[in-house]
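Accompanying notes for the structure given below.
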Amino acid sequence: AVAAAMRLGAVLSALRPALPLLLGLSLGCSLSLLRASWSHGAAEERCLAPGPPAPPARGAAPEAAEGRPGPGHEDFRPRIVPYYRDPNKPYKKVLRTRYIQTELGFHERLFVAVLTSRATLNTLAVAVNKTVAHHFPRLLYFTGLRSAKVPHGMVLVAHGDERPIWLMYETVNYIHQHFGSDYDWFYIMQDDTYAQAEQVKALVTHLSINQDVYLGRAEEFIGGDEQARYCHGGFGYLLSRSLLLKLHPHLDSCRNEILSVRPDEWLGRCIIDFLGITCVSQLQGQHYHTYELAKNTELEKEEEDFQAALAVHPVSDMTLMYRLHKQFSRIQLDRVYQEIQDLQMQIRNLTALTPAGEAGVTWPVGINAPFLPKSRFEVISWDYFTEQHLFSCPDGSPKCELSGASRADVSEIIESAVEQLNRLYQPLLRFSKRQLLNGYRRFDPTRGMEYTLDLLLEAATQKGHSHVLAKRVSLVRPLSKVEIIPMPYVTEATRVQLVLPLTVQDLDFVANFLDMFAMNTLDTHDNALLTLLFIYHPYDAQRVGQVDVFAGVKAMVGELEKRYAEVKIPWISVKTEVPSQVKLMDIVSKKHPVDTLFFLASVWTEINMEFLNRCRMNTISNWQVFFPVHFQEFNPALVYRGEQTASSNTDFLRDGHFDRHSFAEACFYNSDYMTARTKLAADILDRDEVLESMEVFDVFLHYSGLHLFRAVEPGLVQKYTLRSCNPRLSEELYHRCVLSNLEGLASRSHLAMALFEQEQANST
């Protein structure tokens, strides 16, 4: 019995950790069984008396038979569209859109139309463009002028008829034809109207897009129905997309049948007569506030009605438009600062209730805490500066003059520091800057730019006493709102034309280049072509009939063309002593169509499909060119010193560096190059010797308005080789070539080990 009790105690002690689990499982199973029985009971048929079904409750939406949703819900229920393909028709691959927004049929939020005239196009319309136009996602100006001269930075649509009714008709028709399927809301205003862009954008985010909306300042028709209203055009009005689609078929009838002097009355009568919708100033809990300006109005003394207005009318001149913009910007800024203070107070109150307590409050309140590095390699270094010099220069030099944006940044941050000190200590103390003793700054990607300043200040009291003291202040310039920059649509199906310049010094590397090109593009049927550019020295060009230095390369090209029957690799022969990249590109550009996408390669480049796709995606015609920074492997004799080289895929970018001195590789369209080259030719006239000191990068940098995208490219890996630098090139190009060779030898640690081993060998 004692033994049995001991065994039972041992079993219970072994099962004791699992008892909570067993109890939880049994309780869960019991509850699920009970719920299943209740569900079964609820699903049984009800005992109903014979007769017609009871009507739905008041206010409830009617339901169709078999539990299907009624007409009021059909837009909100998912539908499965069965796929059917006609077997008699040939199969065609479906082209999917690149962006999910396009495939789902999403629309942009707001389109703005501004009506202008001959008298106000160069005055009030320009003022609208400089104040609020850049706050709207899309804004166009409409006028009745013929061949009007468009002010800079404005998109103008000229209808050719200055009659007000005709201008309104053509404008609404144009909006429907070109933007009716792209936007949810359409805001129409005059150029003598000041609209608060942010308030208008906030308004449309609170309105339902499924309703027919005609929203603005409601006005009565003269001698018309007391219930009907039209929206006053001077204060702007909002039309929904659904209303615009319903209105478009009746525009011609409205033009022929409705007589009116004012275009806003004509449009309001058209909407009322054919759609039965009247203008409202309040909808779905949202108010369309307006303010009518009187003569000699003092904007600074206006009260709540003025501050809450979405639109102000009439604006008589440009100066008044700018004053309105300044006043509303100040009001909006005060609101934002007050909201920030309220949010910071709420954060402090809530943080005090957390386990960390008040110690968990970060500075500044509401901004992310500083980045905490996990190792010494993740430490973000501080850059030291004074008011005149920066001690962390882009070119690697230890000291450089503070200029440009950096100088403006330092001046602004010092002024802000003194201003904040005065705001904190006034009226007891008044600070003025004497000197910046020390300055430190660093960029923290989690919160923004951080500054630490040691300031020598003069503090003055209310009684006139002054004292000089040193004070350390810390400031943060936080990251602002992240914006998505719209980019033109590009595709990966574009054909890439590779251009490979070759000199006599490159002959040893051509075979490897052609092998990689065949393996990664020809075998994979990638949409890429190759053109070879043979650069003959004048001495070799004279002997080409007896000895062709590129005969071996031409033989390899012939073998490739035999292996791939559908592939042709043309070559171009050039005779020159100074192989200028721009002159060579001039020859190639003339032999290809203007829509050709060029990839200017080097013989050490190993072509692969991954990079070619990035070349296609990063190069946008009439918008952007791409200059990749290739990865240059170090000299294996210095890095490994006789040991076996790294062969794993994870180490292929370890023993090397990205060569920022090389601009040999480039992706660009021929049309963009020809445009920039034309501007260059007009600048240098007949001084062709200037081209010897330039690269294609310089042409785009100085003579095109395109974006120059330069980024590291891990898909371009080059084996180590000591390149020959042509001394006949410009001093800058020769210096960059020498630096590329020197920095490509090895890292500092590898060079130090090589020197250490050499010293040990010499000492023995």
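So Arg163 passes all but one of these: (1) in contact with a helix residue (DSSP H, G or I) (Cβ under 8 Å, 6 or more places away or on another chain); (2) open to solvent by 70 Å² or more (accessible area, probe 1.4 Å); (3) of a type outside the set (Phe, Trp, Tyr). Which condition number does it fail?
For Arg163, the failing item is (1).
If I ask for residues that are touching a helix residue (DSSP H, G or I) at 6+ places or on another chain (Cβ under 9 Å) and open to solvent by 40 Å² or more (accessible area, probe 1.4 Å), which ones from region 389-421 would you list?
Glu401
Within region 206-213, identify whether any single residue is acidic (Asp, Glu), more than 34 Å from the chain's Cα centre (by Cα) and either in a loop (DSSP other than H, G, I, E, B) or surrounded by 15 or more Cβ atoms within 10 Å (Cβ to Cβ) (or both), and answer yes or no. So that I can check it myself, show each step before the final result.
Quick first cut of region 206-213, residues acidic (Asp, Glu) only: 212.
Checking the rest, the ones that are also more than 34 Å from the chain's Cα centre (by Cα) come to none.
No, region 206-213 contains no residue that is acidic (Asp, Glu), more than 34 Å from the chain's Cα centre (by Cα) and either in a loop (DSSP other than H, G, I, E, B) or surrounded by 15 or more Cβ atoms within 10 Å (Cβ to Cβ) (or both).
What number of residues in region 319-335 are over 14 Å from Glu298 (Cα atoms) and either of a type in the set (Asp, Glu) or open to solvent by less than 40 Å² (accessible area, probe 1.4 Å) (or both)?
Residues in region 319-335 being over 14 Å from Glu298 (Cα atoms) and either of a type in the set (Asp, Glu) or open to solvent by less than 40 Å² (accessible area, probe 1.4 Å) (or both): 2 in total.
Criterion first (in contact with a helix residue (DSSP H, G or I) (Cβ under 8 Å, 6 or more places away or on another chain) and open to solvent by 60 Å² or more (accessible area, probe 1.4 Å)) does Gln341 satisfy it?
In short, no.
Residues in region 509-526: is at least one within 31 Å of the chain's Cα centre (by Cα) and open to solvent by 10 Å² or more (accessible area, probe 1.4 Å)?
There is at least one residue in region 509-526 that is within 31 Å of the chain's Cα centre (by Cα) and open to solvent by 10 Å² or more (accessible area, probe 1.4 Å).
Could you tell me whether Ala369 is modelled with pLDDT under 95 and outside any loop (DSSP other than H, G, I, E, B)?
Against the criterion (modelled with pLDDT under 95 and outside any loop (DSSP other than H, G, I, E, B)), Ala369 does not qualify.
Does Val574 meet the test of being assigned by the TED database to the domain that holds Asn527, among the β-branched types (Val, Ile, Thr), part of a strand (DSSP E or B) and more than 26 Å from Gln505 (Cα to Cα)?
In short, no.
Quick one: how many residues across region 138-156 are of a type in the set (Val, Ile, Thr) and either open to solvent by 20 Å² or more (accessible area, probe 1.4 Å) or in contact (Cβ under 8 Å) with a residue 60 or more places away in the chain (or both)?
2
Filter region 346-376 for residues that are touching a helix residue (DSSP H, G or I) at 6+ places or on another chain (Cβ under 7 Å), surrounded by 14 or more Cβ atoms within 10 Å (Cβ to Cβ) and aliphatic (A, V, I, L, M); which is nearest to Thr452 (Cα to Cα)?
The qualifying residue nearest to Thr452 (Cα to Cα) is Val365.
When you scan region 219-325 for helices (runs of 4 or more DSSP H) that lie fully inside it, which ones turn up with 2 or more residues that are closer than 25 Å to Tyr183 by Cβ, at pLDDT 90 or above and under 42 Å from the mean Cα position of the chain (by Cα)?
241-247, 251-257, 263-275
Please go through region 586-634 and pick out each residue that is in a loop (DSSP other than H, G, I, E, B) and open to solvent by 30 Å² or more (accessible area, probe 1.4 Å).
Within region 586-634, Lys591, His592, Pro593, Val594, Asp595, Trp604, Glu606, Asn608, Ser621, Asn622, Trp623 meet the criteria.
May I ask you to list the residues in region 504-519 that are modelled with pLDDT under 90 and among the polar types (S, T, N, Q)?
Selection gives Gln505 alone.
Step by step: first the residues of region 181-200, then only those that are surrounded by fewer than 17 Cβ atoms within 10 Å (Cβ to Cβ) and out of contact with any His (no Cβ under 7 Å at 6 or more places or on another chain), then the one that is farthest from Phe328 (Cα to Cα). Which residue is that?
Once the filter is applied, the top-ranked residue is Ser181.
Just to be sure, is Leu475 within 33 Å of the chain's Cα centre (by Cα), closer than 30 Å to Arg434 by Cα and modelled with pLDDT of 90 or more?
Judged against the criteria, Leu475 is a match.
What helices (runs of 4 or more DSSP H), lying completely within region 690-764, carry at least 2 residues that are of a type in the set (D, E, K, R) and under 27 Å from Gly656 (Cα atoms)?
731-743, 748-763
Test Thr290 against the criterion of being in the same structural domain as Asp212 (by the TED database), polar (S, T, N, Q) and farther than 23 Å from Ala218 by Cα, and give yes or no.
no
Of the residues that make up region 664-680, is at least one over 23 Å from Arg616 (Cα atoms), surrounded by fewer than 14 Cβ atoms within 10 Å (Cβ to Cβ) and among the hydrophobic types (A, V, I, L, M, F, W, C)?
no
Which residues, counting only those in region 231-250, are touching a strand residue (DSSP E or B) at 6+ places or on another chain (Cβ under 7 Å), over 12 Å from Ser281 (Cβ atoms) and open to solvent by 10 Å² or more (accessible area, probe 1.4 Å)?
Scanning region 231-250 gives a single hit, Arg241.
Under 9 Å between Cβ atoms, which residue pairs at least 6 apart in sequence (or on different chains) link something in region 342-367 that is on the phi > 0 side of the Ramachandran plot with a partner that is at pLDDT 85 or above?
From region 342-367, the pairs are Gly357/Thr351; Gly366/Ile340; Gly366/Leu343; Gly366/Gln344; Gly366/Ile347; Gly366/Pro478.
Report, ordered by the first and then the second residue, all pairs with beta carbons closer than 7 Å, sequence separation of six or more or different chains, a first member in region 693-721 that is open to solvent by less than 20 Å² (accessible area, probe 1.4 Å), and a second member that is small (Gly, Ala, Ser).
Between residues of region 693-721 that are open to solvent by less than 20 Å² (accessible area, probe 1.4 Å) and residues that are small (Gly, Ala, Ser), the close pairs are Val696/Ala666; Val699/Ala676; Phe700/Ala676.
Would you pick out the residues in region 538-576 that are out of contact with any Lys or Arg (no Cβ under 9 Å at 6 or more places or on another chain) and open to solvent by less than 40 Å² (accessible area, probe 1.4 Å)?
Phe550, Val553, Val557, Gly558, Leu560, Tyr564, Val567, Ile569
Take Leu742 and decide whether it is of a type in the set (A, V, I, L, M, F, W, C) and surrounded by fewer than 19 Cβ atoms within 10 Å (Cβ to Cβ).
Considered against the rule, which asks whether it is of a type in the set (A, V, I, L, M, F, W, C) and surrounded by fewer than 19 Cβ atoms within 10 Å (Cβ to Cβ), Leu742 comes out as yes.
The values are calculated or read from the model by the stated rules, or taken from the named source; none is laboratory data. Remember, predicted model here, so these are calculated numbers, not experimental data. Ideal geometry is used to build each Cβ from the backbone, glycine not excepted, and the neighbour counts take in all protein chains shown. To get the accessible areas, we keep the full protein, side chains included, count just its heavy atoms, and leave off ligands, DNA and RNA. Shrake-Rupley method; radii C 1.70, N 1.55, O 1.52, S 1.80 Å.
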